[in-house]
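*Asks:* Shown below is the structure under consideration.
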Amino acid sequence: MRQCSPQVELAMDKICAQGCELVSAYIVALKKDESRPEFAPLDAAQRVVPLFELQAIMAVYEEKDS
């Protein structure tokens, strides 16, 4: 993972701890710019980071399943 602000890292940790299915739901929410409690402390620029990071994490899992 890239060097992130503490707020972004905390949001990422909370999201990833919920499992792959919910991570996928958060990716969709981030793409739609939907509000979620984990995103509340993040500004618009900071919300871009978890989107790219979560997509990269899920790509690894999808690759393993192929």
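FYI, it's all coordinate maths here, none of it is from the lab. Since we're looking at a predicted model, the values are computed, not measured. A quick note on method: Cβ atoms are made from the backbone with ideal geometry, for glycine too, and the neighbour counts reach across all protein chains shown.
*Asks:* Any idea how far apart Glu34 and Glu63 come out in nm if each label point goes 7 Å out from Cα toward Cβ?
*Replies:* 2.8 nm
*Asks:* Along region 53-59, what does the Karplus equation 6.51 cos²θ - 1.76 cosθ + 1.60 (θ = phi - 60°) give for ³J(HN,Hα), rounded to whole Hz, x for Gly and Pro?
*Replies:* 5, 5, 5, 5, 5, 5, 4
*Asks:* Taking the Cα centre of the chain as origin, work out the dipole magnitude from +1 charges on Lys and Arg Cβ and -1 charges on Asp and Glu Cβ, in debye rounded to 20.
*Replies:* 120 debye
*Asks:* Along the charge dipole of region 6-65, pointing to its positive end and built from +1/-1 on Cβ of Lys, Arg, Asp and Glu, which listed residue (Cys20, Phe39, Pro6) has its Cα farthest out?
*Replies:* Result: Phe39.
*Asks:* For the chain, taking Cα atoms only, what is the radius of gyration to one decimal and the Dmax to the nearest whole Å?
*Replies:* Both quantities, over Cα of the chain: 11.3, 36 Å.
*Asks:* By the scheme Lys and Arg +1, Asp and Glu -1, what is the net charge of all other residues having a beta-carbon under 15 Å from that of Phe39?
*Replies:* Once all neighbours under 15 Å are counted, the net charge is -2.
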